[in-house]
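Worksheet: the structure to be examined is printed underneath.
The values are calculated or read from the model by the stated rules, or taken from the named source; none is laboratory data. Given the structure is predicted, the values throughout are model-derived calculations rather than measurements. Glycine gets a Cβ as well: all are built from the backbone with ideal geometry, and neighbour counts include every protein chain shown. SASA here: full protein model, heavy atoms, side chains in, ligands and nucleic acids out. Shrake-Rupley method; radii C 1.70, N 1.55, O 1.52, S 1.80 Å.
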Amino acid sequence: MNAPENTQTLSFIPASEFKQRTTEAVADAHLRQSFRSAMDFLMAKRAAQFPDADALEAQRALAEHIRRYSLSRLPELLEKLERQLTANGIQVHWAENAEQANAIIVGIAQKHSAELMVKGKSMVSEETELNHAMEAAGIAALESDMGEYIVQLDGEKPSHIIMPAIHKTKQQIARLFAEKVPGASYTESVDELIGIGRAVLREKFMAAEIGLSGVNFAVAETGTLCLVENEGNGRMCTTVPDVHIAITGIEKVVEKLEHVPPLLNLLTRSATGQIITTYFNMISRPRQPGELDGPKEVHLVLLDNGRTQAYADEQMRATLQCIRCGACMNHCPVYTRIGGHAYGTTYPGPIGEIISPHMMGLAATHALPTASTLCGACGEVCPVKIPIPDLLIRLRAEATHDARPGHAPLVGQGAARSALMDFVWAGWAALYSRPALYRAFVWLATRFRFLTPPMQSGWTVSRTPLKPAPRTLREQLAGRHLKT
Amino acid sequence: MSARDSILRRLRAAPPGQLVLPPDVPAFYAAVREQAPATDRAARIELFCERMSFWRGEIVRVTPGNWAETLRVLCVTKGVNSLLYGPRGPHAATLEAAGIKGLKPYDRPVDEWKPELFRDTDAGFTSTRGGIAETGTLVVWPDDKEPRLMSLVPPIHFALLDANAICDTPFEAMSAQGWISDKPVAMPSNALFISGPSKTADIQITLAYGAHGPKELVILLLLGEGES
């Protein structure tokens, strides 16, 4: 059991395809324009929220402290959360992987003979591909966050964790609604488009037997599930249907309610540049005797799906500090150019590059940590100070090496290793550790430079060929010395 | 072994790492407060109004003597034909005496009248537990007398806020409710911070109001007699 067999095979995408998708994405001028302008907007909005660098630093230090403290006591806090939620009348379920989580949720829905589930925004349910599992069981699963509703209607997946439909223009959405929503006529007015979505979804909130949501913070001491949202669909999903199921990763727990305000403050400011969202919803109990509304049953599904693998390593544990604000992707030069879909994973951008290998294994994801210039912007804006660049470097090493002594191998450990690469590096090491050999090599390389091929595989696609200088650096320096 | 036990066992098998002491959040906020200029009631009210207006919350200044009549007039001007209220709520008697047209009591479980609530209820009226100046936020605590959906489903939400109950920050608001303290009171089944009407920017980051919840939030800001 120590090597968790909980990698998710559902959304397996060969790493080789990542490069092809990025090439396509970079060539799509329209997509690049969408992301460039949206990310510029979000970066400016965030920056306006933090005029005082020292104050921001103090807040980040506190938020990091809270997250590190919570993780340091994670098993204990999870048990405490379970105890308190159970005492409050909320049923707690545990799932090691996506399949188990989906089975739990399908089971609850079937017990209630449900035909329709409305979903508030939940990236964890995207991670488990819950919608497929529900549909396979004959239960409709409808996304109700406006952005998620739009991408679901078009048979797509979110391209950003906070703004799922950021890759689409209003003209595309207007055509989509006119085509797919019965009775909707073509309009490019954003207010009218939102009105169409509102009208459709209100009927669904009323009809659904089950409402599903994610969780932003789970408070162990009080047994409270906290949800952050602007649209009100989260409140609809957690209040109108008879049954509310919340699903969350095991890392989202904090000990006390007092730990929430500092995290909430940085979450909304970092994500969308808002001081607070329209709704901050704290759910501690199902409908009580005498209450006239609210769900009669509330469930919480706690999902591992590779998180314990990250937890097992002291350095990679920091990955789990994440509060899912999306600031790292908003500031990532690679994400801005290729967009969210190119990654092929639930979580795109820098956070996706460091969390996906634990969820899906390095065999499927080893290319992701290389999709970074290591410029450091992600680590600099992260509100909980996850050292993302360090973790990218670490995962690059894990993808090409055996596990460090005393460390259990990661799922897919060494998956990016190739005999050719090992040979090249062994040769490099031999040259650079033997001065005589090195001198002989550079002498030959400079004298036979005319043999350098003009076409050098991927390098020359957009660059001039590499060619050794006519004389070695050593020779050039010696010559210069003589002249002066 | 159950999923629960294997997850917990894997977590416990991990190296403990550096000892992390509990963060002292109250001390952090106390230090921030010491550096900031002291606020008074008038400043809190002013900041609350500014921030709530930024969220498109509509502020109407009222007094204990005139708020119900003000609400009646607002209902007329906004064309409200049905106003949902809690018949056992703290303001029921005042509302019933105000002569508001189409006053509708929330007096039975939602399951019995869901379609009417969704399709045929123009506005809802609730009390609030307080406000937050820094963020422009209402603290709403639905209960058996004023149920959860009153502030969510009707297109207009009227909320009565006592100006004396406005705190500076979310942390102070949670402390004022007794949720953060050495001996915290039990959290209500559902508690809410509400900052403006529902909204979305999911289409081309263009802000639109009235996403799924209320399209309008009207705050009846209760001041002392002669203060407004």
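So here's what we get for this one:
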{"read-out": "Folded to 0 to 90 degrees: helix A:190-207 orientation relative to chain A principal axis, Cα", "value": "60"}
{"read-out": "Tilt relative to chain A, helix A:15-27 - C-alpha long axis, 0 to 90 degrees, to 10", "value": "90"}
{"read-out": "Estimated FRET transfer efficiency when R0 is 22 angstrom, pair B:A42-A:D54 (beta carbons, to 0.05)", "value": "0.15"}
{"read-out": "Gyration tensor verdict on segment A:51-308 (Cα atoms; rounded if a/c is under 1.5, prolate if a/b is larger than b/c, oblate otherwise)", "value": "oblate"}
{"read-out": "Computed accessible area, A:R394, all protein chains, 1.4 angstrom probe, square angstrom", "value": "10"}
{"read-out": "Rounded to the nearest 20 debye, dipole of segment A:419-483 from Cβ charges on Lys, Arg, Asp, Glu", "value": "380"}
{"read-out": "Sequence-distant aspartates and glutamates (8 or more away, or on other chains) whose Cα lies within less than 13 Å of B:K199", "value": "A:D145, A:D191, A:E229, A:E231, B:E216"}
{"read-out": "Coil-residue chymotrypsin sites (Phe, Trp or Tyr not before Pro) of segment A:440-484, DSSP, other Cβ within 10 Å capped at 13", "value": "A:F448"}
{"read-out": "Distance from segment B:172-228 to segment A:95-148 (C-alpha centre basis), Å", "value": "29"}
{"read-out": "In the B-A interface, the accessible area buried, summed over both sides, Å² (probe 1.4 Å)", "value": "7800"}
{"read-out": "Between helix A:74-88 and chain A: long-axis angle, C-alpha atoms, 0 to 90°, nearest 10", "value": "10"}
{"read-out": "Distance from segment A:222-289 to segment B:109-137 (C-alpha centre basis), Å", "value": "18"}
{"read-out": "Gyration tensor verdict on segment A:419-483 (Cα atoms; rounded if a/c is under 1.5, prolate if a/b is larger than b/c, oblate otherwise)", "value": "oblate"}
{"read-out": "Förster-model FRET efficiency, 45 Å R0, A:Q476 and A:I393, C-beta, rounded to 0.05", "value": "0.85"}
{"read-out": "Beta bridges per DSSP with both ends in chain A, % antiparallel, nearest 5", "value": "25"}
{"read-out": "Estimated distance in nm for a label pair at A:A199 and A:S418, the labels positioned 7 Å out from Cα along Cα-to-Cβ", "value": "5.6"}
{"read-out": "Rounded FRET efficiency, nearest 0.05, which uses the C-beta distance separating A:E135 from A:T460 and R0 of 45 Å", "value": "0.40"}
{"read-out": "Probe 1.4 Å, protein heavy atoms only - accessible area per residue of chain A in square angstrom", "value": "41"}
{"read-out": "Percent accessible area from carbon and sulfur atoms, chain A, protein chains only, probe 1.4 Å", "value": "58"}
{"read-out": "For the protein assembly as shown: rounded, prolate or oblate by the Cα gyration tensor [a/c cutoff 1.5]", "value": "prolate"}
{"read-out": "Complex-versus-alone comparison for segment A:245-265, residues with a loss of 30 Å² or more in accessible area, probe 1.4 Å", "value": "A:L257, A:E258, A:P261"}
{"read-out": "Sparsely packed trypsin sites (Lys or Arg not before Pro) within segment A:414-484, loop by DSSP, other Cβ within 10 Å at most 12", "value": "A:R463"}
{"read-out": "For the protein assembly as shown, Cys with no neighbouring Cys Cβ under 4.7 Å", "value": "A:C226, A:C237, A:C322, A:C325, A:C332, A:C375, A:C382, B:C49, B:C75, B:C167"}
{"read-out": "Between segment A:402-477 and segment A:317-364, the Cα center-to-center distance that results, in Å", "value": "30"}
